[in-house]
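Beneath this line is the structure, given in structure tokens, with notes to follow.
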Amino acid sequence: MRLSELPKGAPAVVDRVHDAHAADPIAQRLRDLGFVDGEPVRVVAIGPMGGDPVLIQIGYTRFALRRAEAARVSVRSEVAA
Amino acid sequence: MSASTLRIALVGNPNCGKTALFNQLTGGRQKVANYAGVTVERKEGRFTAPSGRVLQILDLPGTYSFEANSPDEQITRDVCAGNYPGEAAPDLIICVADATNLRLHLRFVLEVKRLGRPVVLALNMMDTARQRGIVIDVPELQRRLGLPVVETIAVKRGGAKALIERVDGEVPAAAPAQPDDAASRADLHAQVRDILTATVTMPRTTAALDDALDRWALHPVFGLLILAVVMFLVFQAVYAAGKPMSDLIGGGFGWLGEHVAALMPAGPLQSLVTNGLFGGIGTVLGFLPVILVLFFFILVLEESGYLPRAAFLLDRLMLSVGLTGRSFIPLLSSFACAIPGIMGTRSIQDPRDRLATILIAPLMTCSARLPVYALLIGAFIPIRYVFGVFNLQGIVLFSLYLVGILGAMAVGWVMKRIRRDKSEHALLMELPSYRMPKLRDVVIGLYERGAIFLKRLTGVILGLTVLMWFISTFPSPPAGATGPAINYSFAGYIGRGLQYIFAPIGFNWQISLALIPAFAARETAVAALATVYLVGGEASGGLGHALAGQISLASALSLLVWFAYAPQCMSTLAVIRRETNSWRNVTISFGYMFGMAYAASFIVYQVARMLT
Ligand SMILES: Nc1nc2c(ncn2[C@@H]2O[C@H](COP(=O)(O)OP(=O)(O)O)[C@@H](O)[C@H]2O)c(=O)[nH]1
Ligand SMILES: [Mg+2]
């Protein structure tokens, strides 16, 4: 499942970040910010207009991501981990 | 430079307190605020350590990674790597990390360490960390990182004492430089996790207060409601608190002017003092309280951490007009002044997003417009209460801000249409913890704004006002002239010449003339009008009074709209030139704003004339 599809509040862990195209700087930045295998994530809030952007809790930090950015991250539910 | 000068660079993630630490060390007053992207330039300061050694400190823009994405991050990367033009690599790097956010910040610390330069880690925000019950085993952290680690509280007096002592001692040995490749980058995260498990105990991953506030502030319905209420209250407060103080100052100056004039012999000099200095400058000075009240709210909002939340709520809207949520903060700074706003766009990665933001930033209502708005609103809009609580004058002021914002959205939308490239824009914005603004910082911030305003007032505005007085007074009318003396002055001729252009939008010659000095500084329009009307002998009872008698409501509304859109400030155009390195962008910016202002004023004037 992609992070953009994760329901609000559901606990999950990051699988990996996919490059949308070759040498994708957004994907690289996401990895640097901690979106790496095994990292717990949660959707804490959803934007008021069209559900975009989403607010993601990762580590001790909250990041606002557009859906297109969140769609680069694949996640799995915590139990499966 | 003596051989013992140590060159130190402050680096770290955005919003970890580098600038606060810089100010603490150097006694500087660089801007500190609670969101990412405040510092976009390298700033240098120096101080003398207890040992007598001179330390030169560089404050740098924050970055999450040396894999730089935006112009401000590139500066940091280049300075650290010793690639910044005209600057040798620093002798020592102070890497600053937020002790409450180590999962994110330690990765960058490891990245900095791999540069192979001497590094000291400052664990900042230790006050907040303790409050939240976060326990950090510093000796173990130091051992595992292989770097000296000191605790700091950048916002507390003496909070950097340990850091100063450490930096003043021997420069630590550098770790061996390591290559930077994808595999080793991925490995950094694993190292961070190991270090955290061994050294940090966190009772909760987030601050309980943040969770509680965000439930409301980011709520799809209440969040927007809160945002609207906050903005609206700010403008009401600007009126409720600022206006009475303004009237007091304006009245005081009028009184003072009369008394000083009584002591002087009649003649040109007396006219300069009463009409130019007390009349012109005094009128502008009267608006200082209004500006300070506005800045009080801006400063409190900036430090509270609410602004990035507002950016979160509005991102989709900004996207629909071709901007990014990241434009929000530069645009917001433009409410103070477009110049820092335009410089703040350096934190926007995409060059075209950045240009779009630069082009519309001057449409945000900067504080220099406030005296003009306040003058006209005071003269033409009655004080009436709507629903018993909302002052009509405050509502009009709020609408003028909206006029600016809507105009900017329209321009953004058009630019988005013109632009062929539809590539993706990133948001990727960190939401910081909420913080209680400190009274002392707010007071210092207000003092600085006040000082800037007074400097403009006694510099460019004063100079132009004296010039306006001069051209309104000379040459004297020829013998036997019948009309008012001012009609024969330079001002009279220039103003009437300009009126050909501006008559269709309802400006009389006095207003047309005042637009010229407004190009150097908008507030000067107020001083210039005051001077021209005073010299013409038509401004007894204050400028507002005179205007109300001289121009129609339609002209006043047209003038308000003109000020909302017109390309009026030379310094802004100069900054656009510097930041984009192109005269073309300056021309575009000037051209579209002039056209837009003229068209909007024309419509407003003609429609208002039909209705009134
Ligand atoms: N409580 C607390 N707040 C701090 C500390 N250092 C910085 N801050 C706050 O953190 C925010 C970011 O500070 P700033 O110096 O602008 O960070 P920079 O982006 O790294 O330059 C501001 O709101 C500061 O008031 C600290 O040691 N303790
Ligand atoms: Mg800073």
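The values are calculated or read from the model by the stated rules, or taken from the named source; none is laboratory data. Since the structure is predicted, the reported quantities are computational estimates derived from the model, not experimental observations. Note that each Cβ is placed from the backbone with ideal geometry, even for glycine, and that neighbours are counted across all protein chains shown. The accessibility values were calculated without ligands, DNA or RNA, using every heavy atom of the protein model including side chains. Shrake-Rupley method; radii C 1.70, N 1.55, O 1.52, S 1.80 Å.
In table form, for the structure just shown:
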read-out: Residue that is least open to solvent (accessible area, probe 1.4 Å), among those in the range B:238-287 that are outside any helix (DSSP H, G or I) and within 25 Å of B:A368 (Cα to Cα); value: B:G286
read-out: Residue under evaluation B:P85, criteria (1) within 16 Å of ligand 2 (Cβ to nearest atom); (2) without any contact (Cβ under 8 Å) to a residue 60 or more places away in the chain, criterion not met; value: (1)
read-out: All helices (runs of 4 or more DSSP H) inside the range B:64-156 with 3 or more residues being within 14 Å of chain A (Cβ to nearest Cβ); value: B:71-81, B:102-113
read-out: The range B:209-223 - residue that is among the hydrophobic types (A, V, I, L, M, F, W, C) and open to solvent by less than 60 Å² (accessible area, probe 1.4 Å) and, of those, nearest to the other protein chains (Cβ to nearest Cβ); value: B:L218
read-out: Hits in the range B:1-27 (condition: more than 11 Å from ligand 2 (Cβ to nearest atom), in contact (Cβ under 8 Å) with a residue 24 or more places away in the chain, part of a loop (DSSP other than H, G, I, E, B) and open to solvent by 20 Å² or more (accessible area, probe 1.4 Å)); value: B:S2, B:S4
read-out: Selection from the range B:318-348 of residues that are open to solvent by 20 Å² or more (accessible area, probe 1.4 Å) and aliphatic (A, V, I, L, M); value: B:M318, B:L319, B:I329, B:L332, B:I339, B:M343
read-out: Answer from B:L147, B:L141 - the residue that is buried (at least 20 other Cβ atoms within 10 Å of the Cβ) and touching a Lys or Arg at 6+ places or on another chain (Cβ under 9 Å); value: B:L147
read-out: Close pairs (6 angstrom Cβ cut-off, 6 or more residues apart or separate chains): at the interface with chain B (Cβ under 7 Å from one of its Cβ atoms) in the range A:40-67, of a type in the set (F, W, Y) and open to solvent by less than 10 Å² (accessible area, probe 1.4 Å) anywhere; value: A:A64/B:F312
read-out: Set B:I153, B:I195, B:I164: member being within 16 Å of ligand 1 (Cβ to nearest atom) and either more than 30 Å from B:V442 (Cα to Cα) or open to solvent by 30 Å² or more (accessible area, probe 1.4 Å) (or both); value: B:I164
read-out: Candidates A:A70, A:A20 - the one that is in contact (Cβ under 8 Å) with a residue 24 or more places away in the chain and facing chain B (nearest Cβ under 9 Å); value: A:A20
read-out: Single residue of A:D15, A:D19 found to be surrounded by fewer than 23 Cβ atoms within 10 Å (Cβ to Cβ), acidic (D, E) and in a strand (DSSP E or B); value: A:D15
read-out: Matching residues in the range B:440-472 - criterion: being among the polar types (S, T, N, Q) and open to solvent by less than 60 Å² (accessible area, probe 1.4 Å); value: B:T465, B:S472
read-out: Tabulated pairs, the range B:33-49, first within 14 Å of chain A (Cβ to nearest Cβ) and over 13 Å from B:V79 (Cβ atoms), second acidic (D, E) and more than 9 Å from ligand 2 (Cβ to nearest atom), C-beta under 8 angstrom, 6+ apart or interchain; value: B:N34/B:E302; B:N34/B:E303; B:Y35/B:E302; B:A36/B:E430; B:G37/B:D72
read-out: Residues that are within 16 Å of ligand 1 (Cβ to nearest atom) and more than 13 Å from the chain's Cα centre (by Cα), drawn from the range B:312-347; value: B:R326, B:R346, B:S347
read-out: Qualifying residues in the range B:13-46 (those that are of a type in the set (A, V, I, L, M, F, W, C) and at pLDDT 90 or above) - the one nearest to the chain's Cα centre (by Cα); value: B:A20
read-out: Filtered residues of the range B:37-59 (kept if in contact with a strand residue (DSSP E or B) (Cβ under 8 Å, 6 or more places away or on another chain) and away from ligand 2 (no atom under 16 Å from the Cβ)); value: B:R46, B:F47, B:T48, B:A49, B:R53, B:V54, B:L55, B:Q56
read-out: Single condition B:S65 does not satisfy, out of (1) touching a strand residue (DSSP E or B) at 6+ places or on another chain (Cβ under 6 Å); (2) away from ligand 2 (no atom under 16 Å from the Cβ); value: (1)
read-out: Output for the range B:424-439, where each listed residue is surrounded by fewer than 22 Cβ atoms within 10 Å (Cβ to Cβ), within 12 Å of chain A (Cβ to nearest Cβ) and near ligand 1 (Cβ under 9 Å from one of its atoms); value: B:S433
read-out: Hits in the range B:33-68 - residues which are of a type in the set (F, W, Y) and within 15 Å of ligand 1 (Cβ to nearest atom); value: B:Y35, B:Y64
read-out: Helices (runs of 4 or more DSSP H) contained in the range B:493-612 and holding at least 2 residues open to solvent by 60 Å² or more (accessible area, probe 1.4 Å) and without any contact (Cβ under 8 Å) to a residue 60 or more places away in the chain; value: B:543-550, B:570-580, B:583-611
read-out: Residues of the range B:198-208 classified as surrounded by 14 or more Cβ atoms within 10 Å (Cβ to Cβ) and part of a helix (DSSP H, G or I), total; value: 1
